[in-house]
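Here the structure comes first, spelled out in structure tokens, and everything after it is commentary.
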Amino acid sequence: MPVRQVVVDCLGLACPVPVVRLAKAIGEAEVGQVVELLADDPGAKVDVPVWCRLKGQELLGREDRPEGGWSFRVRRAR
């Protein structure tokens, strides 16, 4: 059974909301599952990597979105 794609859309929301919603999604995900976070608050560029490091989760990458903001891909590590 394929693992469902999880996308957390936080476009237009100020920090800390994107990190709070990412934490909730990671908590509900299975170990190894990837969560994609969409955010355009500049604080997310700092907050998401720091949260991943503090919580032991794997930040797979951040990509610029042509529409604005970023796509962060985070794998649940534990």
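The values are calculated or read from the model by the stated rules, or taken from the named source; none is laboratory data. Not measured: the values here are computed from a predicted model. Quick reminder, even Gly has a Cβ in these numbers, built from the backbone with ideal geometry, and neighbours come from all protein chains shown. For the accessible areas, the whole protein counts, side chains as well, though only heavy atoms, and no ligand, DNA or RNA atoms are used. Shrake-Rupley method; radii C 1.70, N 1.55, O 1.52, S 1.80 Å.
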At most 15 other Cβ within 10 Å, DSSP loop - GluC sites (Glu not before Pro), the chain: GLU30, GLU67
Solvent-accessible heavy-atom area per residue, rounded to whole Å², over the chain at 1.4 Å: 61 Å²
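From the C-alpha gyration tensor of the range 20-67, pull out the three semi-axes of the equivalent ellipsoid (sqrt of 5λ each), sorted largest to smallest, in whole Å.
Numbers: eigenvalues 66, 31, 21 Å².
The answer is 18, 12, 10 Å, longest axis first.
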Rounded to 10°, Cα long-axis angle of helix 44-55 versus longest principal axis of the chain: 30 degrees
Per-residue [θ]222 nm for the chain (sum of -39500 (n - 2.57) over DSSP H runs n ≥ 4, rounded to 500): -9500 deg cm²/dmol
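Using a 1.4 Å probe over the heavy atoms of the protein chains, calculate the carbon and sulfur portion of the accessible area of the chain as a whole percent.
On the way: 2530 of 4780 Å².
Answer for the chain: carbon and sulfur cover 53 percent of the accessible area.
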Exposure ranking of LYS24, LYS55 by accessible area [1.4 Å probe, largest first]: LYS24, LYS55
